[in-house]
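Q: Sharing a structure, written as structure tokens. Questions coming.
The values are calculated or read from the model by the stated rules, or taken from the named source; none is laboratory data. None of these values were measured; they are calculated from a predicted model. All Cβ positions, even for glycine, are placed from backbone atoms using ideal geometry, and neighbour counts span all protein chains on display.
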């Protein structure tokens, strides 16, 4: 059972603010979707998981410096910029 | 439907500038809503072509690019309010390749928000309409790329396919679309949704054009660490293939009737048998769990600090991030991020995410077994004809429409959708699936079929 409390918890993990009327709607939908997902309970545990479909190995390259983007280009999509840096929200509450 | 060959014929007697201008005028009058942003620099590029300054395998050919593929200096939105004003400072690898070959990028195509959807109805910029019936969807998530090809608004297009997002709109719009083997095409510059599943792929109006565009975009790129470093070159084969019909991948009766008509056509040149994928019934749930889990992680980057939707004033970080994301994301994106967060959260990881990865092993093994017995596998691409706009309101019902396309992404094998004719005036698509890096075989079967039914698939005019 998915409860409204669960929805609030998930929204907090995902950092998405919800309006009160959204909570019940998402709860009902999540309930239905997760019930459907529970079909996987039938699948035996002892199967090896596949993280990647191709047998890729770590790729090494020469450790040589190369050009990165200009500071101006990096900052051009940001709204809060100060002295050539991104300005983020406070992480320690007052 | 314009092919590269037809466009080149026109270029012999007409100026590229005039042809591109005509295309732009057509797009501006169009009701399809296939484009989010047009590239005005395309006209300048066309002038360069007319002056004889552009060389390459796609010289002077218009290409539409899905709006989740970054284009330097040209707005790239992912059809989201979150990236409504985002101007990428770099080109995706595939865009670099297009430019090197002289292609004219005409604009960015409409899609489901962050590629999450099957109908393009989740786009912040409005739904894409089906060229054969404006009241129906064009499919998704690469709906704009599919619709612009059928509607004579481009000659080639790029899409991306996480669980069917190239093949579904190709099927619904009656065009050709291919999801390459995972790792064949670099994902550098593809804005990620579920990166272990998705690939950029070509969409076109003929098999020949599809192969040409794949040749251009496939190949080595060090900036994508999952890139296989494999090139693609199309070669005509004239062998007899053994083709397996996947028993579990079905569709509504009217679609199946069309499908079996084509099976008869295939039988004239190839051997046809039946195969079974026993893990099929778990694939859809596993796909959505993996895709949502990866989405919840990939989309964590949208915090309103470095790019994307932001607030006037900075406040405490928890409030700032949560509000930016509440305002910037649409409903389906929120749903998938939250469900992904749930599937990965303490206590549920083993039951959902890890279990889904185990199903991926089963699906992969099933395909390997079937593709040992057969050269290629076939099935209807979509379980029904294109839906009416607004017809599927319930999220789970919508997810179930991807049932025939998602197993391919779980296994990472290549698959294409090609048009095989019309039912009630609406296009039907055939899905052809091959083994890893055997795109050539897929395209050869598609070419055999296209040669037989070309008149039928090009018989109908769009609405």
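Q: Quick one: which residue in A:46, A:17 is part of a loop (DSSP other than H, G, I, E, B), in contact with a helix residue (DSSP H, G or I) (Cβ under 7 Å, 6 or more places away or on another chain) and farther than 19 Å from residue B:288 by Cα?
A: None of the other options fit; the residue is A:17.
Q: Of the residues B:171, B:154, B:186, B:196, which single one is touching a strand residue (DSSP E or B) at 6+ places or on another chain (Cβ under 9 Å) and within 26 Å of residue B:230 (Cβ to Cβ)?
A: B:186
Q: Right, something else. So residue B:343 passes all but one of these: (1) within 26 Å of residue A:28 (Cβ to Cβ); (2) more than 14 Å from chain A (Cβ to nearest Cβ); (3) not in a loop (DSSP other than H, G, I, E, B). Which condition number does it fail?
A: Evaluating residue B:343 over (1) within 26 Å of residue A:28 (Cβ to Cβ); (2) more than 14 Å from chain A (Cβ to nearest Cβ); (3) not in a loop (DSSP other than H, G, I, E, B) leaves (2) as the failure.
Q: Any residue that is within 14 Å of chain A (Cβ to nearest Cβ) and either touching a strand residue (DSSP E or B) at 6+ places or on another chain (Cβ under 7 Å) or outside any loop (DSSP other than H, G, I, E, B) (or both) - is there at least one of those in region B:266-278?
A: For region B:266-278, residues within 14 Å of chain A (Cβ to nearest Cβ) and either touching a strand residue (DSSP E or B) at 6+ places or on another chain (Cβ under 7 Å) or outside any loop (DSSP other than H, G, I, E, B) (or both): absent.
Q: Here's a follow-up. Would you point out which residue out of A:51, A:36 is at the interface with chain B (Cβ under 7 Å from one of its Cβ atoms), assigned to a helix (DSSP H, G or I) and within 23 Å of residue B:354 (Cβ to Cβ)?
A: Every option except A:36 fails the conditions.
Q: Here's another thing I want to ask about it. Working only within region B:234-252, note down all residues that are without any contact (Cβ under 8 Å) to a residue 40 or more places away in the chain and either surrounded by 12 or more Cβ atoms within 10 Å (Cβ to Cβ) or under 23 Å from the mean Cα position of the chain (by Cα) (or both).
A: B:247, B:248
Q: Considering only region B:309-320, state which residues are more than 7 Å from chain A (Cβ to nearest Cβ), outside any helix (DSSP H, G or I) and either over 25 Å from residue A:29 (Cβ atoms) or free of Cβ contacts under 8 Å to residues at least 12 places away in the same chain (or both).
A: Those that are more than 7 Å from chain A (Cβ to nearest Cβ), outside any helix (DSSP H, G or I) and either over 25 Å from residue A:29 (Cβ atoms) or free of Cβ contacts under 8 Å to residues at least 12 places away in the same chain (or both): B:311, B:312, B:313.
Q: When you look at residue B:37, is it in contact with a strand residue (DSSP E or B) (Cβ under 9 Å, 6 or more places away or on another chain), modelled with pLDDT of 95 or more and within 30 Å of residue B:323 (Cα to Cα), yes or no? Working first, answer last.
A: Values: in contact with a strand residue (DSSP E or B) (Cβ under 9 Å, 6 or more places away or on another chain): yes; modelled with pLDDT of 95 or more: yes; within 30 Å of residue B:323 (Cα to Cα): yes.
Criteria met by residue B:37.
Q: Right, here's the next one. Give B:336, B:323, B:306 a once-over and let me know the one that is within 7 Å of another protein chain (Cβ to nearest Cβ), in a helix (DSSP H, G or I) and at pLDDT 95 or above.
A: B:323
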